[in-house]
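Colleague: Attaching a single structure in structure tokens format; questions to follow.
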Ligand SMILES: O=C(O)c1ccccc1N[C@@H]1O[C@H](COP(=O)(O)O)[C@@H](O)[C@H]1O
């Protein structure tokens, strides 16, 4: 079970979340985000996979950030096409395409991305592009029949543990923690993250 912690920015907080056991760490390059990373932090994680989060960004700019931050994965929250995903994949990057979920019909577009993306990420549909702090009805995902593994995202917080332990899906590969574990935008509560990861991984490998 992959645990991604997203919206990271401060060097010491990055170190603490890496030590807390995060598998992946997300950096948000969307200028309107309260977690927007304006410059490369003095410390970047060496144990975690590094994920860059983008919204309708050009392939050229994504590749520049991938180079600067040594990104392993690109997480695409906007109207990015299968063709752009394919181009980024060809450049050697892992691709995580995000689908914002409010109802079953929001799963319809996934077919066009099958075989191109390494992972899907299902997040809560909201007026922005992500970071809503709200959960969606996970039972909608029982209608997901494709083969691409996915991460569950949107409003996950320490109190989500019991619901996560009840969730079942053959393609479920991980979770994505963000605002639900923050003391301030871009600043995670590393003790809460550490406890949550330990409790989750005791039950789900
Ligand atoms: O967090 C943001 O500010 C953000 C802005 C634009 C695109 C994505 C963003 N974050 C992503 O949204 C998920 C869910 O966040 P939350 O748990 O609901 O706060 C988060 O994991 C990021 O991948």
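No value in this document is a laboratory result; all are computed from the given coordinates. Bear in mind the structure is a predicted one, so any value in this text is a computation, not a measurement. For neighbour counting, all protein chains shown are included, and Cβ atoms are generated from backbone atoms with ideal geometry for every residue, glycine included.
Colleague: Can you tell which of 163, 33, 153 shows the greatest fluctuation in a Gaussian network model of the chain with Cα springs below 10 Å?
Modeller: In this elastic network of the chain, the residue with the biggest mean-square fluctuation among 163, 33, 153 is 163.
Colleague: Need one number: nm distance between label points at residue 204 and residue 183, each 7 Å from Cα along Cα→Cβ, rounded to one decimal.
Modeller: Inter-label distance under the simple model: 2.7 nm.
Colleague: For the range 75-170, what value does the Rg/Rh ratio take when both radii are computed over Cα atoms and Rh is the Kirkwood radius, given to two decimals?
Modeller: 0.96
Colleague: Taking 8 Å as the Cα distance limit and 6 or more residues as the minimum spacing, I'd like the relative contact order of the chain as a percentage.
Modeller: Computed over the chain, the figure is 22 percent.
Colleague: Starting from 0 in steps of 10 Å, tell me what percent of the Cα-Cα pairs of the range 21-80 lands in each bin.
Modeller: Bins of 10 Å from zero give 22, 60, 18, 1 percent of pairs.
Colleague: Restricting everything to alpha-carbon atoms, can you work out Rg to Rh for the chain with a Kirkwood hydrodynamic radius?
Modeller: Across the chain, the Cα-based Rg/Rh ratio is 0.93.
Colleague: Arranged by the count of other C-beta atoms within 10 angstrom, fewest first, what order do 1, 25 take?
Modeller: 1, 25
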